[in-house]
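These notes concern the structure reproduced below.
The values are calculated or read from the model by the stated rules, or taken from the named source; none is laboratory data. No experiment lies behind these values; they were computed from the predicted model shown. Backbone-built Cβ (ideal geometry, glycine too); neighbour counts: all protein chains shown.
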Amino acid sequence: MSTPGTLSAALAFLPSWWQETTDPAVFDALLAGWSRACGWRACGFVWPGDNGPGVVKAIPGSIHGDTSTPPEVPDALRRLKSGESTVLYSLPGTAGRVFAAVHPIGRSVGVVWAEKPTGQAWTDSERAYLVLVGKTLERSPALATVIGPVIDPDRLYQRLGDTAIIAGRMAHDFDNLLQGIIGFSDLTLPLLVPGSQPANFVAEISKVGQRGIQFTQQLHHLSRSGQVKPNPASVPLAVAKEEGRLKSLSPNGVRVEKDFTQNLPPVGVEAGPLQIVLGHLLENAVEACSQGGVVRVTARPVELTDADARGYLGRVGVGGHLQITIADTGPGIKPEVRRRLFVEPFFTTKVRHRGLGLAIAYRVLCSHRGGIQLEPVPPPGTGTQVRVVLPLAAARPPATVAGPVAATAVGG
C-alpha cells in the first residue's frame, strides 16, 4: 500500500466490513478482498476467545507451516493491551508484520495483522490505517458470524430506554387495577365462611394480585433505572441487606460467602439503586445453585486502563473503581444462552421470570458509568461469575442526564 491509488482502494474497502450478513464464509471472503485491495503479502485475524475456543483466520491460509497463528500474537496482545496502537515485528523476506487491536466492547481483545512485501517499508499512515481497520471490525456484522454477537451498546441502551418509558406507564395503570382487585378481595373475604370454597377462591385472587404487584414493581424499577443518583453508598451494607432478604427465599440451603478488602471505599451510586443491582445478581446466583451450593461475593478497589474498561458492557471509563464479583457453583450458562443474553435484552430461560433483572441492573450501571462482565468460573470450578465495576464516590465525575452510551450491556 505504497501508492496513492492503493491507499484510495484500501480506504474504499472499509465500508465492506459493515455489510449485513449471517454467513461465516463472508468474513473469509472479506479478508481476502481486503488483502487484494491493500496489496498485502499476507494478512489475518486472531481472536483468543472468551474463556473458550478462539478464532484464527489468515490469507493465504497456513502461511506458517501447520498453523496460521503468527508466533508474535501473545506478545502483540500484551503490548496492545498496555496502550500501544500498533506493534511491528521484523520478518525475513518481508517489510515486517504489523498488529493492531480488535476489541469488541465487552469481549476479549483480538488482533488484525498484515505483512508487506520486502522493500516497501511501513509508513505511519499505513499503521494508522490498520488501527482504523481494527476499529471498524469491532462492530462488523461479519465479525459477529465468527466470534458471536457483537453488541452495539448505543443501540442497546436506547432500546432499553424506550422500553423503560413504556414500562413505567404500564406499571402505573396496572397498579391501579391490581389495587382494586386486592382491595375488594380483602373486603369480601371476611363476609365468607372461613375455609369454604368461595373463601379459598377469593383468597387466591388476593394472592395473584400480590404477585402482580411484585411484577409491576420490577417495571417501576426498569422505568427508574436510568436516573442518575450518585450519592455515596456502601457495597458491604447493600450485600448484607440482600443476603438477609434471600435467606427467606432460598429453600435449598445456599451459603453466601463474602470476601471484602478492609475499608472499602464507597461507590458513586445511591444505596437504593445499588441494592437493586446487587439483589438481582445475587438472586440469579442463588437460583443457579443446587442444594448446599455456595455464592461467593468479593469486592476490591481496582484501577482500570482503557483496555480494561472496554472489557465491560456498560459505560466504563478509566481510573479508580470498585470491582464486585459474584460467583456461583451452579452448572454455568450454556454458550448459546450466553450469546443471546447480550443481544436480546429481555431473554431469559426461567419460566417465572420476564428477563427484567439484568436489564434493570445494566441500566443502573450504565447510567452511573459502571459496567458488567458475565463469564464462566475458571477451571477447575463450575458455575458463572458476574463482575461489576462502579466508579468510586470520590473519583466519580459530576452527574449528567443519562443519554446514549458514548463508548461502551444485559437480559434475568
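Key figures for this structure:
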read-out	value
Spans of strands (runs of 3 or more DSSP E) in the range 19-123 with at least 1 residues within 30 Å of Gly370 (Cβ to Cβ)	42-47, 55-59, 94-102, 110-117
Those residues of the range 288-307 which are part of a helix (DSSP H, G or I) and either more than 14 Å from Val386 (Cα to Cα) or of a type in the set (Phe, Trp, Tyr) (or both), in sequence order	Asp306, Ala307
Members of the range 283-304 found to be within 27 Å of Arg155 (Cα to Cα) and at pLDDT 90 or above, listed by number	Leu304
One residue from Asp23, Asp66 being surrounded by fewer than 17 Cβ atoms within 10 Å (Cβ to Cβ), modelled with pLDDT under 95 and under 29 Å from Glu336 (Cβ atoms)	Asp23
Test result for Ala238, among the hydrophobic types (A, V, I, L, M, F, W, C), closer than 30 Å to Gln291 by Cβ and either under 24 Å from the mean Cα position of the chain (by Cα) or in the same structural domain as Tyr362 (by TED's automatic domain parsing) (or both)	yes
Only listed residue being at pLDDT below 90, part of a helix (DSSP H, G or I) and under 30 Å from Val55 (Cα atoms), chosen from Leu219, Leu160, Leu156	Leu156
Residue tally, condition closer than 15 Å to Val277 by Cα and either in the same structural domain as Thr298 (by TED's automatic domain parsing) or touching a helix residue (DSSP H, G or I) at 6+ places or on another chain (Cβ under 7 Å) (or both), over the range 206-223	6
Restricting the range 286-306 to residues that are over 16 Å from Gln323 (Cβ atoms) and aliphatic (A, V, I, L, M), the residue that is surrounded by the fewest Cβ atoms within 10 Å (Cβ to Cβ)	Val294
Every residue from the range 235-268 that is among the small types (Gly, Ala, Ser) and either assigned to a helix (DSSP H, G or I) or modelled with pLDDT of 95 or more (or both)	Ala238, Ala240, Gly244
Search result, residues across the range 358-391 that are outside any strand (DSSP E or B), among the small types (Gly, Ala, Ser) and buried (at least 22 other Cβ atoms within 10 Å of the Cβ)	Ala359, Ala361, Ser367, Gly370
Which listed residue is within 18 Å of Gly371 (Cα to Cα), touching a helix residue (DSSP H, G or I) at 6+ places or on another chain (Cβ under 7 Å) and surrounded by fewer than 19 Cβ atoms within 10 Å (Cβ to Cβ), from Ala199, Ala233, Ala203, Ala271	Ala271
